[in-house]
Amino acid sequence: YTTAQAMAQAAIQLVEGNPTYNRSQAGILRLAEAQMAWGVAAMRNEEYSIAHQNMQRALSLSRLISAGETLSGKALYLQAEALRHLGNLNYFQNDPSVGANYHNQAMEIYRDLGNLRGEAYTLVSLGALAIQANQFPEAIDYHERGLKVSEKIGDQLGQARAMNNLGDIYAQLGDYVR
């Protein structure tokens with residue numbers, strides 16, 4: 001992931017180094033995407049403060065793009081992704097309530113966009129936060145809902161994630177029959 005971070009940093013330098021481009025809607029969006037990529041790579045590298053800083057910056061930049069612009073759909077998607085990743089980051093930092101808040105904001109945007117994959121992934125992530133908080137009935141509900149959406153859109157990876165987590169929940173509950 002170090003290479004991914006280096007590539008994202010290089011992209012940021014290129015956009016920031018071009019004064020005409022970095023003030024355009026497209027330039028701001030590219031900068032937000034690069035910040036997001038750096039944040040995701042840092043999170044996977046367990047560099048949580050760097051991840052948080054970059055994801056927050058990606059979120060702020062994506063919010064700069066006005067609603068009436070052609071790129072607004074992409075900016076909204078990027079906002080949802082930043083919020084979902086911030087929620088996941090809070091999972092790794094053992095803060096389920098803050099993570100759930102980010103995920104709920106992301107869910108609202110995914111639903112507005114009609115992005116079922118984002119909705120399914122967010123449901124499963126909310127389920128993981130509920131497991132972390134020992135809220136097993138809620139965790140089961142989130143995972144089952146995420147599984148149904150993943151099945152609806154034919155997302156086998158999403159289905160596998162949901163089913164794997166459901167198996168973990170039932171094992172923690174001592175229900176080995178399910």
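Observations
- Ranking A75, G99, Q172 by how far each Cα lies toward the positive end of the dipole of the range 73-178 (charges on Cβ) leaves A75 at the top.
- Binning the C-alpha pair distances of the range 52-129 at 5 Å intervals from 0 yields a P(r) profile of 3, 19, 27, 24, 17, 7, 3, 0 %, listed from the shortest bin outward.
- Acute angle (nearest 10 degrees) that the helix 156-172 long axis makes with the longest principal axis of the chain, alpha-carbon atoms: 50 degrees
- The angle between the Cα long axis of helix 2-16 and the main principal axis of the chain comes to about 40°, on a 0 to 90 degree scale.
- A 1.4 Å probe run over the protein chains yields, for the range 22-61, 44 Å² of accessible area per residue, whole-number rounding.
- Taking all pairs of distinct alpha-carbon atoms in the chain, Kirkwood radius in angstrom: 17.0 Å
- Accessible area (Å², per residue) of the range 106-178, counting only protein heavy atoms and a probe of 1.4 Å: 54 Å²
- Taking the Cα centre of the chain as reference, the dipole from Cβ charges on Lys and Arg (+1) and Asp and Glu (-1) amounts to some 380 debye.
- The portion of the accessible surface of the chain made up by carbon and sulfur, rounded to a whole percent, is 50 (1.4 Å probe; DNA, RNA and ligands excluded).
The values are calculated or read from the model by the stated rules, or taken from the named source; none is laboratory data. Computed from a prediction, not measured in an experiment: that's the story for all the values here. So basically every Cβ, Gly included, is an ideal-geometry build from the backbone, and we count neighbours across all protein chains shown. When the accessible area is computed, the model is the full protein with side chains, heavy atoms only, and any ligands, DNA or RNA have been set aside. Shrake-Rupley method; radii C 1.70, N 1.55, O 1.52, S 1.80 Å.
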